[in-house]
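The values are calculated or read from the model by the stated rules, or taken from the named source; none is laboratory data. Only a predicted model underlies this, so the values are computations on that prediction, with no experimental measurement involved. Quick reminder, even Gly has a Cβ in these numbers, built from the backbone with ideal geometry, and neighbours come from all protein chains shown.
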Amino acid sequence: MRVEGTIDRRQALTYLAGGIVSTKNYITNQQEQKEIAPTPFEVVSLTFHEVEKSDQILENIYPLLDEGYTPLSINDICQALNGSLDLSNKKSFFITLDDGLKSQENAVVAASQAESAWGVNIPLLFAVMTQFNYYNDDQIPLTTPSYNDHVHEYLTKKDILQIIENPRFDLANHTLNHADLTKINDNDLTGELTIAQRRLSILYSEAGREEVPRILIYPFGKYNHHVLKTVSDLNFEAAFTTENDTHYSAKKRYRLGRIGRT
């Protein structure tokens with residue numbers, strides 16, 4: 001079942017959380033903060049929204065591949081932030097896709113085309129909202145869009161499961177409701193992040209994948225000191241902004257930049 005009738009975001013959060021939204025109810029035991037990376041590194045991190053055709057991706061990554069850049073996965077970036085992978089002398093790029101838009105299926109096509117042409121894997125990170133019309137976690141129909149703003153077309157649950165069946169593609173937390181995290185109270189902030197992360201974990205399980213990475217992409221790119229502290233307290237591995245910055249380091253793991261392309 002789902003929440004029927006008129007319901008605001010906070011009521012829905014409370015309902016989905018079983019009545020209480022608190023950190024201790026939704027955070028699994030995580031390891032302590034990872035070791036500091038021995039050296040910072042540079043990443044050309046490209047982000048896309050609507051992808052009307054695969055060429056929008058290819059025209060951005062082919063020049064990088066021509067120049068000897070290596071495509072990274074989110075796991076590569078986390079390892080580098082934790083100090084277990086040295087990327088300090090490596091030219092690399094990374095692709096994220098924001099909002100879980102239906103047109104981003106063209107990015108999957110582009111990745112396949114690039115892999116065929118270059119013989120290299122092209123990882124993709126999809127930042128999806130997990131509202132799913134406020135259905136209960138275990139009762140979301142496959143045809144339900146991940147989000148609904150009555151403007152754009154979004155990936156359905158079935159679409160998302162098909163995408164992450166490919167181990168080169170991952171999901172990032174983009175909250176339940178594309179919430180501006182700087183403008184909501186503590187309970188809602190915690191709920192937006194932890195319930196969304198729980199739903200990502202369920203999607204991974206249904207797709208036969210191991211635990212979802214704990215990665216956040218801030219809606220609207222917005223954060224403040226309190227949001228940063230909450231993200232750290234919830235043991236996220238990394239978080240991405242919309243700031244045009246290619247310099248990555250463990251010290252900035254919750255303020256990683258990206259270059260907007262569409």
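Overview of results
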{"quantity": "Any hit, region 184-191, residues being within 23 Å of ASN82 (Cα to Cα) and not small (Gly, Ala, Ser)", "calculated": "no"}
{"quantity": "Out of ARG255, ARG214, ARG199, sole residue that is buried (at least 17 other Cβ atoms within 10 Å of the Cβ) and either over 15 Å from ALA127 (Cβ atoms) or free of Cβ contacts under 8 Å to residues at least 40 places away in the same chain (or both)", "calculated": "ARG255"}
{"quantity": "PHE132 being on the phi > 0 side of the Ramachandran plot, out of contact with any His (no Cβ under 7 Å at 6 or more places or on another chain), buried (at least 22 other Cβ atoms within 10 Å of the Cβ) and modelled with pLDDT of 95 or more", "calculated": "yes"}
{"quantity": "Test result for ALA117, in contact (Cβ under 8 Å) with a residue 60 or more places away in the chain, of a type in the set (Gly, Ala, Ser) and in a helix (DSSP H, G or I)", "calculated": "no"}
{"quantity": "Residues of region 158-171 that turn out to be over 11 Å from TYR204 (Cα atoms) and part of a helix (DSSP H, G or I), as a count", "calculated": "2"}
{"quantity": "Which listed residue, of GLU192, GLU243, GLU211, GLU237, is more than 11 Å from the chain's Cα centre (by Cα) and modelled with pLDDT under 95", "calculated": "GLU211"}
{"quantity": "Qualifying position, being among the acidic types (Asp, Glu) and part of a helix (DSSP H, G or I), among GLU243, GLU192", "calculated": "GLU192"}
{"quantity": "Filtered residue count, region 79-113, keeping only those that are in contact with a Ser or Thr (Cβ under 9 Å, 6 or more places away or on another chain), assigned to a helix (DSSP H, G or I) and not β-branched (Val, Ile, Thr)", "calculated": "9"}
